[in-house]
Amino acid sequence: MVNCPLTKWDFAHYCSEMTQISDLLLRIQAYCQKEGIAESTFGFRAVNDGKLVKKLRAGHTITLRTFNRIETFLAVDEEREAA
């Protein structure tokens, strides 16, 4: 068995990624509560994936494209509220 310790960059990158996902999950949860919808409904509406939130909570990763689609979906709602 080979021991491969994490470098400082690996650890910082991992922590940064987890913070972004955690923040994203909090925003999704707040959106769902505000709109009165299930998280699976959010996944379908945002990226056509009803298991999106469940996968994120389980530690799955998403592509940058998917992340941007979610961010855009949430931003459009925030703009709609501000108007």
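Would you point out which residue out of Asp77, Asp49, Asp23 is at pLDDT 95 or above and of a type in the set (D, E, K, R)?
Selected residue: Asp49, the only one of Asp77, Asp49, Asp23 that is at pLDDT 95 or above and of a type in the set (D, E, K, R).
Pairs only if they're at least six apart or on different chains, beta carbon under 8 angstrom, first in region 65-76 and closer than 16 Å to Glu39 by Cα, second of a type in the set (Lys, Arg) and surrounded by 12 or more Cβ atoms within 10 Å (Cβ to Cβ); list them, first residue then second.
As it stands, the answer is Phe73/Arg45; Leu74/Arg27, since those pairs meet every condition given.
Could you tell me whether any residue of region 58-65 is exposed (fewer than 10 other Cβ atoms within 10 Å of the Cβ), modelled with pLDDT under 95 and hydrophobic (A, V, I, L, M, F, W, C)? Outline the logic, then answer.
Of the residues in region 58-65, the ones exposed (fewer than 10 other Cβ atoms within 10 Å of the Cβ) are 58-59, 63-65.
This time we only want the ones that are modelled with pLDDT under 95, so: 58-59, 63-65.
Filter again for hydrophobic (A, V, I, L, M, F, W, C), leaving 58, 64.
So far as region 58-65 goes, yes, one or more of its residues are exposed (fewer than 10 other Cβ atoms within 10 Å of the Cβ), modelled with pLDDT under 95 and hydrophobic (A, V, I, L, M, F, W, C).
Does Gly50 qualify as being touching a Ser or Thr at 6+ places or on another chain (Cβ under 7 Å), surrounded by 15 or more Cβ atoms within 10 Å (Cβ to Cβ) and of a type outside the set (D, E, K, R)?
Yes, satisfied.
So the check is Cβ under 6 Å with 6+ separation or different chains; which pairs have a first residue in region 27-45 that's at pLDDT 95 or above and a second one that's acidic (Asp, Glu) and in a helix (DSSP H, G or I)?
Cys32/Glu39
Hey, could you check region 25-68 for residues that are basic (Lys, Arg) and in contact with a helix residue (DSSP H, G or I) (Cβ under 8 Å, 6 or more places away or on another chain) and say which is nearest to Glu79 (Cα to Cα)?
Arg27
The values are calculated or read from the model by the stated rules, or taken from the named source; none is laboratory data. None of the values given here were measured: they were computed from a predicted structure. Positions of Cβ are generated from backbone atoms using ideal geometry, with glycine treated the same way; all protein chains shown enter the neighbour counts.
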